[in-house]
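A.B. asks: Here you go, one structure.
The values are calculated or read from the model by the stated rules, or taken from the named source; none is laboratory data. Nothing here was measured: the structure is a model prediction, and the numbers come from that model. Cβ coordinates were reconstructed from backbone atoms using ideal geometry, including for glycine residues, and neighbour counts include every protein chain displayed. We work out accessible area using only protein heavy atoms, side chains counted, and drop any ligands, DNA or RNA first. Shrake-Rupley method; radii C 1.70, N 1.55, O 1.52, S 1.80 Å.
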Amino acid sequence: MTRINDKVVDRLISDYGFKVSGDWLREGRCPDCSKKSLFTHSTTPRVVKCGRLNKCGMEVHVKDLFTDLFTDWSATYKQTDISPNAAADAYLAEGRGLSINSVKGSYSQEQYTNRELGISSATVRFQLPNGGWWERIIDKADRFPRKANLKYGYDLKGYWWWHPANTQLPTELWITEGIFDAMALNEHGLDTVSSISCSNFPEHSLYELKSQYNKEKRTLPTLVWAYDPDKAGKDYTKKYVKLAESMGFDCVAAQPPYEKHRQLDWNDLHEMSRLTPEHIEHYRYLGDLLTATSATAAAVIMYMHTKRTSFYFEYNYRTWWFELDTKALSTCIGVDKHQVGAYMESVSDSTDVDEQMPEFVKSCSTVTELCNAKLEALYFQRNEITDESWYFMRVATAKGAVTTTITGDQLSSPSKFKPRLLSVYAGVFWTGAAGQLDIIMRHQTEALKEVKTTDFIGYSKEFGAYIFNDIAVHKGKSVSINEQDYFKLGRLEVKSLANSPMMQLNTKDKPNFDWWPKFNKVRGDYGTVVMAWWLGTYFAEQIRGIDRSFPFFELVGQAGAGKSRLLEFLWRLSGREDYEGFDPSKATSVAIYREFAQVSNMPIALIEGDRNDEDGKKSYSKFEWDQLKDAFNGRSIRSRGVKNNGNDTYSPPFRAAIMISQNEPIQASEAMLTRLLHIRLTREGQTLEGKYIVDELDRIPLEVTSQFMVKAIRNEEAILQTYKEKVRTYEAFYHAAGITHTRIALNHAQVAAMVDCLHLHVLDGIMTDEQAKTAKSTLIKMSEQRVARLSNDHPLVEQFWEIYEYLDSLADCNMNHYAADKKKIAINLPAFYKIAQSEGQRLPEQTEMKRLLKSSRKHKFVDSNVPVSSAVYKSKTVKCWVFEQGAD
Ligand SMILES: [Zn+2]
């Protein structure tokens with residue numbers, strides 16, 4: 001059996017380049033400062049530290065470096081008859097660094113099964129009074145909605161867990177929230193109990209304790225309330241101190257030190273060797289500040305501790321200023337004014353010298369309020385491209401807190417800071433002076449950490465992670481946004497500055513794809529192909545990394561053919577509700593490029609809005625499809641000027657994928673047409689039954705549909721592996737089958753490989769082999785049609801020439817203004833349209849037709865607006881569109 005410890009040592013050496021030197025591991029590469037300055041113990045590595053204490057100071061627990069090693073305890077430590085608690089023991093000893101000898105017999109290893117999710121885990125279970133128990137899940141606890149359970153139906157209220165190693169009648173008793181915290185403090189010589197939760201006041205246990213002391217005629221112990229330093233822990237501490245005092249107990253508090261970016265509990269401090277007597281003294285001081293009865297009382301405690309004559313501090317969610325009148329104090333204590341500092345320094349605890357000292361300080365100082373909220377700078381964030389930056393701050397009052405951005409400019413003067421505060425939190429006033437604001441902000445922002453940003457939603461190639469609004473997915477694991485509004489992905493701290501699009505992704509429940517057979521029934525192979533392409537868009541950046549391109553998709557069909565509802569359903573698979581796409585012909589170019597720049601690894605759907613404008617006139621898209629060409633390879637489609645100090649132009653690379661949905665195929669160059677996969681939907685075969693199924697699909701809640709995308713991106717590794725294995729095979733197959741246009745062959749091979757990914761890694765066990773096979777056959781037909789389309793005209797141009805031939809064949813209409821032997825065709829479009837109309841032939845609007853005719857192949861376009869001496873109008877000159885007479 002390999003101990004996790006040994007695996008940790010191996011990984012430290014292989015992943016961070018540590019070298020063994022005696023009892024130490026040294027020269028590991030620091031993930032923060034990149035210097036070879038990490039060190040840790042070699043026999044039992046727990047906390048890894050960077051040796052550049054002042055310049056870096058990085059400190060991380062091996063649990064956070066190698067989370068994978070610390071998740072599956074019962075798989076590593078098998079339960080046997082001889083060691084029934086093997087995994088529980090290892091969890092406590094290696095996972096939490098606790099000694100198990102002092103608690104032996106008070107816990108056991110059990111099994112917990114969550115029936116809803118159909119998963120189970122080993123647990124460490126501790127016995128509680130009156131036949132109850134509390135247990136912690138230890139195998140991949142993240143899978144479960146809760147990491148700990150109480151015995152079903154058990155009422156804990158009023159009782160605590162008593163540490164079995166406590167002395168009989170202790171003089172001081174520490175009360176923590178969790179059992180592990182009580183165990184950690186106990187190892188440092190303290191007598192401890194755990195109330196399991198901060199909302200459980202252990203009233204009955206306290207009465208029982210009191211009666212024991214009374215029986216032995218002993219003085220009651222002092223209670224040390226040692227709850228977590230969060231809002232609930234602090235609020236309950238103050239409440240319980242009063243309650244317990246009313247029962248006759250002397251009470252004080254102790255608090256783990258507050259750190260902005262991680263909440264440390266007693267167990268963490270134990271592992272970081274920060275529970276020495278000096279440390280504990282400091283934590284008691286923090287507790288005294290918490291339980292101080294007024295701001296002035298807190299200020300005096302602080303002064304006695306720090307001996308600083310002026311400082312700002314927080315008390316009860318307000319910010320205060322303390323100012324000592326040194327002259328007045330010198331009179332009180334009877335020393336010269338200039339000797340007060342030296343005098344105070346000379347006595348380590350001035351209350352030993354003079355019990356009246358706190359009273360003197362109180363009477364000789366002033367405490368004023370600077371702000372009726374607590375202000376805290378959490379981190380710094382910057383948009384590298386626009387060079388804009390913000391301090392991300394928390395503004396907290398007793399009623400609640402908001403986090404918000406404040407610019408450096410706003411922080412620099414009260415006249416800007418005051419209105420900003422008022423606008424982020426109603427009624428929060430800054431009433432301090434400029435100098436006080438400077439001192440607070442200098443203290444708060446010095447060496448503030450910086451959180452990395454992206455300016456789009458979706459996959460970041462740079463960070464190898466999917467970053468959405470409130471969840472991120474990194475290496476197959478989803479992470480929720482933390483309280484401070486950023487994602488912690490291993491050592492990486494990142495957030496997106498983009499607010500839209502909003503994606504609602506369900507990462508919690510077990511995926512349910514019961515909708516697939518219904519979808520397949522109404523959408524058939526075309527549906528599978530579109531879905532496979534859609535799945536591919538989630539990996540467009542990685543796929544372009546492999547093949548340099550990701551195909552566009554063109555979904556064509558007459559009104560009512562079901563394009564919109566298909567698109568809307570696909571969007572729902574990606575967590576977007578009531579959305580189909582946007583109409584580029586109606587958007588300004590700035591808006592279009594914003595749409596293009598704000599997403600990564602998801603489709604951008606360009607749809608055709610209502611073709612008829614308000615006057616009932618047909619309006620044709622002015623959007624030039626050819627400008628999208630470069631997006632195929634992920635290159636920028638436009639440069640935009642950004643307002644920053646330099647003259648830089650920012651050209652964001654294209655990170656998404658393009659879906660075009662129109663009534664008619666788009667008109668564009670051959671280069672653009674070869675980049676498209678094309679499907680035409682028709683109303684043919686639509687039935688009432690089919691309509692009901694589509695309605696049913698629309699009613700599936702987003703929590704269910706969005707599991708599609710979640711499952712897909714969590715399986716990133718497997719999907720890309722399958723993609724890489726299959727795409728080359730299919731590409732060769734297409735070439736062998738006669739699709740020799742390399743780009744068309746690759747486009748279709750890519751989507752064929754994604755059909756396999758859909759089949760094997762997303763709809764596994766749900767989509768049948770036959771369904772995957774027929775979808776791939778459909779793709780082959782699509783590629784053949786694409787090749788054929790390239791050698792033909794646009795359907796509307798084909799239609800134009802059909803009408804031309806028809807009109808030309810009529811007895812009294814000669815449409816060609818050139819003489820018959822010229823081998824060229826000259827058409828006067830206004831006249832042509834007039835005659836076509838009188839003959840009942842429908843044509844697209846002239847402007848649109850003109851655009852399309854330039855690409856005519858049947859009769860190759862030569863020039864427009866050429867003056868021609870008309871053979872029809874007896875040599876009168878008319879303006880004509882001229883084409884080469886093609887062979888029939
Ligand atoms: Zn470092």
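A.B. asks: Give the range 670-717 a look and list any residue that's surrounded by 12 or more Cβ atoms within 10 Å (Cβ to Cβ) and among the small types (Gly, Ala, Ser), or say none.
C.D. replies: Within the range 670-717, Gly690, Ser706, Ala712 qualify.
A.B. asks: Additional query: May I ask you to say which residue of Tyr818, Tyr806 is in the same structural domain as Val872 (by TED's automatic domain parsing), aromatic (Phe, Trp, Tyr), farther than 30 Å from Ile739 by Cβ and open to solvent by 60 Å² or more (accessible area, probe 1.4 Å)? Please lay out each step first, then the result.
C.D. replies: Values: Tyr818 fails: open to solvent by 60 Å² or more (accessible area, probe 1.4 Å).
It is Tyr806.
A.B. asks: Restricting to the range 732-758, name every residue that is open to solvent by less than 70 Å² (accessible area, probe 1.4 Å) and more than 35 Å from the chain's Cα centre (by Cα).
C.D. replies: We begin by selecting, within the range 732-758, every residue open to solvent by less than 70 Å² (accessible area, probe 1.4 Å); these are 732, 734-735, 737-739, 741, 744-758.
Hits for the range 732-758 are Ala732, Tyr734, His735, Ala737, Gly738, Ile739, His741, Ile744, Ala745.
A.B. asks: Kindly list the number of the only condition in (1) open to solvent by less than 20 Å² (accessible area, probe 1.4 Å); (2) within 50 Å of the chain's Cα centre (by Cα) that fails for Tyr317.
C.D. replies: The failed condition is (1).
A.B. asks: For residues that are out of contact with any strand residue (DSSP E or B) (no Cβ under 9 Å at 6 or more places or on another chain) and in a loop (DSSP other than H, G, I, E, B), scanning just the range 437-453, find the one that is farthest from Cys371 (Cα to Cα).
C.D. replies: At the first step, the residues of the range 437-453 found to be out of contact with any strand residue (DSSP E or B) (no Cβ under 9 Å at 6 or more places or on another chain) are 438, 442, 446-447.
From what is left, the residues that are in a loop (DSSP other than H, G, I, E, B) are 446-447.
Numbers: Glu446: 21, Ala447: 24 Å.
Restricting to residues being out of contact with any strand residue (DSSP E or B) (no Cβ under 9 Å at 6 or more places or on another chain) and in a loop (DSSP other than H, G, I, E, B), the top hit is Ala447.
A.B. asks: Continuing with this model, one more query. Which of the residues belonging to the range 33-57 are at pLDDT 85 or above, within 14 Å of the ligand (Cβ to nearest atom) and part of a loop (DSSP other than H, G, I, E, B)?
C.D. replies: Lys35, Lys36, Ser37, Gly51, Arg52
A.B. asks: Here is a follow-up. If we scan the range 370-386, do we find a residue that is part of a strand (DSSP E or B) and open to solvent by 60 Å² or more (accessible area, probe 1.4 Å)? Talk me through it step by step, then tell me what you get.
C.D. replies: Start the filter on the range 370-386 by keeping residues that are part of a strand (DSSP E or B), which leaves 370-371, 374-383.
Within this subset, residues satisfying the condition of being open to solvent by 60 Å² or more (accessible area, probe 1.4 Å) are 382.
So far as the range 370-386 goes, yes, one or more of its residues are part of a strand (DSSP E or B) and open to solvent by 60 Å² or more (accessible area, probe 1.4 Å).
A.B. asks: Shifting gears a bit: Only one of (1) crowded, with 18+ Cβ neighbours inside 10 Å; (2) free of Cβ contacts under 8 Å to residues at least 24 places away in the same chain; (3) among the basic types (Lys, Arg) fails for Arg394. Which number is that?
C.D. replies: Here Arg394 clears every test but (2).
A.B. asks: Name the residues in the range 400-436 that are out of contact with any Pro (no Cβ under 7 Å at 6 or more places or on another chain), closer than 19 Å to Asn316 by Cβ and assigned to a strand (DSSP E or B), would you?
C.D. replies: Those that are out of contact with any Pro (no Cβ under 7 Å at 6 or more places or on another chain), closer than 19 Å to Asn316 by Cβ and assigned to a strand (DSSP E or B): Gly400, Ala401, Val402.
So that you can scan it fast, the table gives a plain yes or no per residue for (1) surrounded by 15 or more Cβ atoms within 10 Å (Cβ to Cβ); (2) modelled with pLDDT under 50; (3) on the phi > 0 side of the Ramachandran plot:
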{"site": "Ile604", "(1), (2), (3)": "yes, no, no"}
{"site": "Asp610", "(1), (2), (3)": "no, no, no"}
{"site": "Ser619", "(1), (2), (3)": "yes, yes, no"}
{"site": "Glu624", "(1), (2), (3)": "no, no, no"}
{"site": "Arg635", "(1), (2), (3)": "no, no, no"}
{"site": "Arg640", "(1), (2), (3)": "no, no, no"}
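A.B. asks: So, in the range 58-87, exactly how many residues are within 13 Å of the ligand (Cβ to nearest atom) and surrounded by fewer than 17 Cβ atoms within 10 Å (Cβ to Cβ)?
C.D. replies: First, pick out the residues of the range 58-87 that are within 13 Å of the ligand (Cβ to nearest atom): 58-60.
Within this subset, residues satisfying the condition of being surrounded by fewer than 17 Cβ atoms within 10 Å (Cβ to Cβ) are 59.
Count: 1.
A.B. asks: Quick one: is Arg308 of a type in the set (Lys, Arg), within 50 Å of the chain's Cα centre (by Cα) and crowded, with 16+ Cβ neighbours inside 10 Å? Working first, answer last.
C.D. replies: On the way: of a type in the set (Lys, Arg): yes; within 50 Å of the chain's Cα centre (by Cα): yes; crowded, with 16+ Cβ neighbours inside 10 Å: no.
Answer is no for this residue.
A.B. asks: Here's a follow-up. Which numbered condition trips up Phe487, out of (1) in contact with a His (Cβ under 9 Å, 6 or more places away or on another chain); (2) over 27 Å from Ala373 (Cβ atoms)?
C.D. replies: Going through the list (1) in contact with a His (Cβ under 9 Å, 6 or more places away or on another chain); (2) over 27 Å from Ala373 (Cβ atoms), Phe487 breaks only (2).
A.B. asks: So which residues in the range 104-126 are closer than 20 Å to Thr192 by Cβ and at pLDDT below 95, if there are any at all?
C.D. replies: Across the range 104-126, the qualifying residues are Lys104, Gly105, Ser106.
A.B. asks: I'd like the residue in the range 3-17 that is at pLDDT 90 or above and farther than 16 Å from Arg491 by Cβ and, out of all such residues, is farthest from the ligand (Cβ to nearest atom).
C.D. replies: If we take residues in the range 3-17 being at pLDDT 90 or above and farther than 16 Å from Arg491 by Cβ, then Asp10 is farthest from the ligand (Cβ to nearest atom).
A.B. asks: Okay, next question. Can you say whether Pro45 is surrounded by 15 or more Cβ atoms within 10 Å (Cβ to Cβ) and under 18 Å from Gly95 (Cα atoms), as far as the supplied structure shows? Please lay out each step first, then the result.
C.D. replies: On the way: surrounded by 15 or more Cβ atoms within 10 Å (Cβ to Cβ): yes; under 18 Å from Gly95 (Cα atoms): yes.
Criteria met by Pro45.
A.B. asks: So, one more: Take the residues in the range 182-208 that are hydroxyl-bearing (Ser, Thr, Tyr) and closer than 16 Å to His163 by Cβ, then tell me which one is surrounded by the fewest Cβ atoms within 10 Å (Cβ to Cβ).
C.D. replies: Ser205
A.B. asks: Let me ask something additional. Could you list, in sequence order, all residues of the range 545-573 that are in a loop (DSSP other than H, G, I, E, B) and surrounded by fewer than 24 Cβ atoms within 10 Å (Cβ to Cβ)? Spell out the reasoning first.
C.D. replies: First, the residues of the range 545-573 that are in a loop (DSSP other than H, G, I, E, B): 548-551, 558-562.
Listed by number, the residues that qualify are Arg548, Ser549, Gln558, Ala559, Gly560, Ala561, Gly562.
A.B. asks: Within the group Ser480, Ser496, Ser500, which residue is of a type in the set (S, T, N, Q) and touching a residue at least 60 places away in the same chain (Cβ under 8 Å)? Lay out the reasoning, then the answer.
C.D. replies: Values: Ser480 fails: touching a residue at least 60 places away in the same chain (Cβ under 8 Å); Ser496 fails: touching a residue at least 60 places away in the same chain (Cβ under 8 Å).
Step by step, each of Ser480, Ser496, Ser500 is checked, and only Ser500 is of a type in the set (S, T, N, Q) and touching a residue at least 60 places away in the same chain (Cβ under 8 Å).
A.B. asks: Which of (1) at pLDDT 85 or above; (2) assigned to a loop (DSSP other than H, G, I, E, B); (3) open to solvent by less than 40 Å² (accessible area, probe 1.4 Å) does Pro844 not meet, given it meets every other one?
C.D. replies: The one condition Pro844 does not meet is (1).
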